[in-house]
Structure formats: structure tokens, C-alpha cells
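Just below is one structure, and these are the notes that go with it.
Where a number appears in this text, it was derived from the coordinates with a stated rule and is not lab data. What you are looking at is a predicted structure, and each value in this text was computed from that prediction instead of being measured. Here Cβ is always computed from backbone atoms with ideal geometry, including for glycine, and neighbour counts include all displayed protein chains.
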Amino acid sequence: MISARSLVLRRTLPFLLSTLALGLVAGCDDENGSSSTNSSSSSSSSSSSSSGSGGAGGQDVGFRLSGSLSYEYVPFDVDLEKLDYGKIEKRPIRGASVRLIDADTDAEIAKTSSDDEGAYSFEYMGAAKVKLWVYAETEVPSLTVEDNTSGDAVYVMESDTADSAADAKLDVLAATGWDGTAYTKTRAAAPFAVLDTAYISARRFLDEVSPPPAFPPLKFNWSINNRPEEGDKALGQIGTSHFDGEELYILGKEDVDTDEFDSHITVHEWGHWFNKTLGRADTIGGTHSSSDIEDPRVAFSEGFCTALSAIVLDPDTTYTDSSGPQQASGFSNDVEMNNNNVEKNPGWFSETTVEGVVYDLYDGPNEPFDQVSVGISGIYAALRTQKDKPSFTTIFSYVASLKENNPQAAADIDAVTSFYNASADFGVDPIEDEWGTNETHSGGFPGSLPVYKEGVVGNSYTVDLTGDDESNRLSQNVYVRIEGDGMAITVTSTSPSDVDLSVFKAGVLVTTDGNVSGEESVTFDSEAGTIYVLSVRGFNTMPVSYGAEITISH
Amino acid sequence: MKYISIVGMVVLLAAAACGTDGARPPAPPVSAGGSSEAASSEPQAAAPGTEKAGPSEPTAKPSAPVNVTATLATGAADLDVVFGADGSNITIEVWGVDGLKLKEGASPVSKPSVRNGQSVKVSVLYDAPATESNLAIRVRGTFQGREQAKVQSFTINVGNQPKGALTGESKVDKDGRPVKVMKSQ
């Protein structure tokens, strides 16, 4: 457990930083609240610089423009459970694309990127007056924040105009637009808050993992219209903050639910993309809550991503989510506060258990049961090892990968997972392999054990399922392991309820039958010696037991 | 006052997890206005042709295990909150956004505890402007020992959004890309 002392520091430090930051902002602003003109700059000497020429009407003498870029960040008050606009922090806009524009002609003169202090500089000739366009976009890694309700336009912050000079200063601030009771001005800070959170996340891995991951481009969609309603994403009806398999969508609807300053949510959803892109994500997605008894693919994915939010934002391990009028409500949960109470349904099917396990594997040996610390590189290495496993991406394949990479720490890793043993039905046994062999905790559903049933060609099996409103629960999913023999294999099901059959090879879908009935059939050409995993997924919405007869044949 | 849909009444089935776009698992076979507790407990196959989830659905941020169904009519909404897990210290709040004013039903509904499958109904009356506005609901509580919340909204007069100055100016940059230009402050 973490100490009360560190909690106090965690809650006090943001205040101290914000107090300092507000002082800096006040020092930069002019009478109109603008931060753009000739302020004393706090630019880093390592600022990014670029040169260019252009603009009509100027003189052919060398000009220099430099300064710092920043945005306002609104912290979450974990005691009052709301966004705290009284403690706004000023944070640097890091790694962003910056373009120097001739203020008279709107022609682009040069471009550069801000450094990790938010500093930039240009050396140029010609234009008498200039301004900056700061893109909500970084190049390394390639991240872009767009407005999905406005033709996917990239957010750009435009500075005030500055007179060219031998050494002009121009600081630019993306403000929240908050006037004390509502957002009454452009919410320029929001897209940069989303961008910076994603940038921080990626940089943790780029800076601390060797060799660094190769991040492909990623787009975030944020809009003041993005609200928790299903419908047309172009109208802002995005459902909730989520990863749709390609891009991320973040809520922004004032007085309903905004997530741009709920950094852990942004990292959580970024984590889904990270997991899919650099690891492997077998999750079937869908609705989930911290106490659900979930399909272990869902539990691993959601738990890993919440743990990742605490890892990336360490030492801020408290997941927060603000909402409501004036963003004055919300809730928070500290990922580091482990709880193995049986009422939380701990186990290999619990995202809360997964998040606790993964975070404790990452952090220092700071609890009696947590004497292991693999760091961010160890967390990433296990993800890469897990990627190639024939089993699904669950806590079993992840921890098995971690043990494979850190055999000397196997006993300590077992101690972390065993902490969650709460009863005969709820917990995790020491993980022997990626298949969950000898796991004894059923989550209250005996049909869930063994975790992977052994399927042999020529045999029939009855799998036991239990209905639920959601089909991504443990009770609605059964796995069968089938070894290929070089011949075509057919799997059929017969059930009074709707079930789906899907066959995977190392997480890649080979074939599926998802017709709306209990009679399904799939056939695939198997490779001799290759392990395939059959997923039987039920859709009965009533809380009753039902079966599916599975036949495997040539 | 005009109806929100052409038919005059539309049932908006709000997806519980908010993040699912497109196909959904079949809805529980409950009668209109009924609760899942009253429904048959026999195994049910989904009706032919019903859409359902594919091998995977989009991810979504964690939220309280709650499903909200809204039946919207002119100036009125009947909200059916169905819980997907046992919970305690439950608070249900409904409020209007973008000019929508609640005339009745604005007081939060509190429940010391709820059971998995329990339905709680909340009815509200409201005045909505001619332009787009939103009815929002938040369900908050403690589920299996952890505090969680779920927010959903329902748009009134969708697509009739007033033009505001808060979104920035649409332009095209040197590379031909659409950009949304926001003034620094």
C-alpha cells in the first residue's frame, strides 16, 4: 500500500505547480489577457529552430522570433471529485508542429517543432509582421487531433501578430475558454491537452524502451460536440470516449461529459491502440465495469489499459473521470490501491485484478506481496512476447510472457497474482502457462474451467454457458484448443440459444459463423501442428444456464 | 410542440457502453415499460434478422454497469435505468443542456441499494428551444465496492445546432488540409 505521506504529496504537488504556473501566465499576459506580445520568455536554450524567407513588403534583413508555447490544463480535485478551474496549470505544448506565417499575406514562411519545454524559434527574412500557427499535431510520434464534427479539420492555434525584429519574443497560450462559470471563449486548450497526454504516453516508451517502438500515425477526434450518445460521429454522437479500431474519439460536450482533461481516460483509450498496434489485442470489446466477471480477453485489455494510464502518468496513479454541469462531478479510483475483497469479484476474469497486477509488476517493490519491478521496458517486452502466443491475449498469456522474460522473478510474480485469491471461486492461481493450466477459480461459472477445453477431431463436447445482458462476459464465452492436422476441420454447434463460432490462429481470425441462431458451422484448412483456438460465444440475455453441443470433424 | 421523430414517439435505445458503434447484441426481450425481471427466464434465441455483435466491438471507457433507455415525446421523457450489477448509494440525476429546461423531474433520485437487473424509472417534463439541445442523465453509485458513474445524453432537435464562435474558423492550410483555426487568448 502506498503511504499517506505520498498521497498528501500527490494531492499537494499539483497545487504548488499550478500556483507557480499561474504566476508565469500572469507574467506573460498583456492587458487583454493575451500572452502573445514581447513577453519575457522562458524559452529553453534547446528550443527547436527553423529558418525561412518570404513575405512581400519586408526588408531583407535577418529576423529572429522565439518563444514558448503552452496550454492550460485543468486538474481534477480528487476530494471534491470535479475539475478544479481554480487550480489551472500551464503546461508546455511539446513536440507540436509550428508554422511561421506572414501576417500580411498569410503565406507560410517556415515551420518547425516545439521542444519538450514548449520552446520554438525561427530565423527568417522579409516579412514585416508575422504570426504563428500551432498545430495540434506532433511529428515524432505522429499524432494529430482533429474535429470529427467539422470535416476532420486539424486544430490550429493562431497567435497574435508580432512585429519582426532582430530578436522578437512571442509566447502563445492555448487557454481553456473558461470564464468562471462556463466556456464562453474558444476552448483552445482542449485539443492540446489531448495531444500532450498522447505525446507523454508515447514518449515514455520512446525514451525508456530499447529499441524504441515504431509508432505509426494516430488520429484523435475531439470536438465540443462529442457527447455520450450513439449516432452519427460527424454530429458528435460518439457514444463515449473510445478506440474504434483505427482512431480515438474523446468526449468534449460541456456540462454533459468532457474528457480532454481526464488524462487517464485518454491514456486508457490510447492504450487500446497501443496494445493493438504494438502488441496484440484479442478483446471483443463492448460494455464493461470494474466489477464485471468478463471474458478474459476483455478483462485483460481493459485492465491493462487502465494500468497503463497509471504507469504512463506515474506518480499520478489515480484514474479520474469528470462529468456533469460545469464538469463539477466525477469519480476517481487509485490504481495503486489494491483490493482483493471478494465483493470485487477478483480473478483472471476481472479488469480490476488485471490493472492491479500489471501496475504492481511495473512499480517498485513497495508492498509485502509486491517484490517485483520490471519497469516500463519489462511491461512492454511482455506485451511483445505475448503477441506471438497461440493463446488469446489474457492475463495468462501476459504473465506467462513476463515469466518467460524474467525467470528469476517467477516466484515474486506469483506472489502478486496470488494476492487476489479471495475464495475458491475468485482469484488467480500461480500462472503456469499461457493456457491457464490448473486454474481453479471459476468466477462462479463452473463451465469456465478449464480455461481452454481440449478439442479433438472426431469428438463432440457440450459447453456450458450462462446468459447475461452482455455477451462479453465470462459466462457467455468458452474457448476450445484444437491442434491442426494438415486437413480441413469442420466445427459445428447446436444450441437452443444463439451462439457464434470463431476460429483464431495466434489471435488472427481464421473463420467465423455469426448467424443469429444456435446452429453454426465453420470449416478451415488446418496446418499440421498449429494450435487453433475456437471461441464459442453465447448471446442469451436471460440469466439462465444453457448449453451448446460442439462437434469437431473432418 | 412538435414531436421529436416523424412517428411522434421514438424509442432511443442508448447503448450501455457508449462506445459501440454499429451492431449491438440483441436487446433484452422486455416489454415496453417493463423490467427485465418480469421477462421470461427461458432460454431465448434472438429473433432472426436481429443485429448482434460481431467478433469484436469498439472499446469504451469504464463506466457504471447501467443501461438507460429513453422514450422521448414532445416535452417529456421517460427514462428507464436498468442496473447490470448490485449497487449501493445510487444517485440518478437528469438535467438539460443548451437551453433545455426541466419543468419536472429535476430532483435527483436516490436509492440506498439496487439489485442486478433492477429497473428504476424516471420521468421528466421539459421545455426545449427550437435549436439543438440535450437531455443528460448521470447514474452514479458504488458497485462491488468501487465508485462508478455513467453519463448518457439524448439530443433534442438534432442537426439544428446554433452557430457558435467557440469552435474556431474553418480554413485550408498550405498543404491543402482543412484546419480549424482557434485564436490564442
per DSSP, antiparallel bridges as share of beta bridges in chain A, % nearest 5, sits at 80
Dipole in debye (nearest 20) - region A:387-445, about Cα centre, beta carbon charges: Lys, Arg +1; Asp, Glu -1: 160
How would you rank B:Ser113, A:Ser442, going from fewest to most other Cβ atoms within 10 Å of each one's own Cβ? B:Ser113, A:Ser442
With an 8 Å cut-off on Cα pairs and a minimum separation of 6 or more residues, tell me the relative contact order of chain A in percent. 10
In whole Hz and in residue order, list the ³J(HN,Hα) couplings for region A:480-495 that follow from phi through the Karplus curve 6.51 cos²θ - 1.76 cosθ + 1.60, θ = phi - 60°; x for Gly and Pro. 10, 8, 10, 8, x, 10, x, 10, 6, 10, 10, 10, 10, 10, 9, 8
Please list the three semi-axes, largest first and in whole Å, of the ellipsoid equivalent to region A:153-278, using sqrt of 5 times the eigenvalues of its alpha carbon gyration tensor. 27, 24, 12
Counting pairs of alpha carbon atoms under 8 Å apart in space and at least six apart in sequence, what relative contact order in percent does region A:446-506 give? 34
Taking the Cβ of each residue in A:Met487, A:Met157 as the centre, tally the other Cβ atoms inside 10 Å and list the residues starting with the fewest. A:Met487, A:Met157
I'd like to compare A:162-174, A:295-307, A:79-91, B:62-74: which one has the highest average count of other Cβ atoms within 10 Å, and what's the full order after that? A:295-307, B:62-74, A:162-174, A:79-91
Give the average, rounded to an integer, of partner chain Cβ atoms located within 10 angstrom of each Cβ in A:538-545. 6
Let me understand region A:478-517 better: what is its radius of gyration from the alpha carbons, and its Dmax, in angstrom? 11.3, 32
In region A:428-482, the GluC sites (Glu not before Pro) that sit in a DSSP loop and have at most 15 other Cβ atoms within 10 Å of their own Cβ are A:Glu432
Orientation-averaged projected area, Cα convex hull of region A:368-427 (nm²): 4.6
By counting other Cβ atoms within 10 Å of each Cβ, how are A:Trp178, A:Trp435 ranked from fewest to most? A:Trp178, A:Trp435
Cα extents of region A:410-545 along the principal axes, largest first, in whole Å, come to 43, 39, 24
Enclosed volume per residue, in Å³, of the convex hull spanned by Cα atoms of region A:59-216: 149
Contact order relative to length of region A:484-554, as percent, for alpha carbon pairs under 8 angstrom and 6 or more apart: 46
So what's Rg/Rh here for chain A, counting alpha carbon atoms and using the Kirkwood radius for Rh? 1.04
In vacuo Debye scattering of region A:252-316, one point per C-alpha: log10 I(q)/I(0) at q = 0.22, 0.26 Å⁻¹? -0.97, -1.13
Where in region B:123-185 are there trypsin sites (Lys or Arg not before Pro) that are in a DSSP coil and have at most 16 other Cβ atoms within 10 angstrom of their Cβ? B:Lys163, B:Lys174
On average, how many beta carbons from a partner chain sit within 10 Å of the beta carbon of a residue in A:251-259? 5
For q = 0.17, 0.20, 0.21, 0.22 Å⁻¹, Debye-computed log10 I/I(0) when each Cα of region A:345-475 counts as one equal scatterer: -0.90, -1.18, -1.26, -1.35
At 7 Å along the Cα-to-beta-carbon direction for both B:Lys121 and A:Asn341, put a label point, then send me their distance in nm to one decimal. 3.4
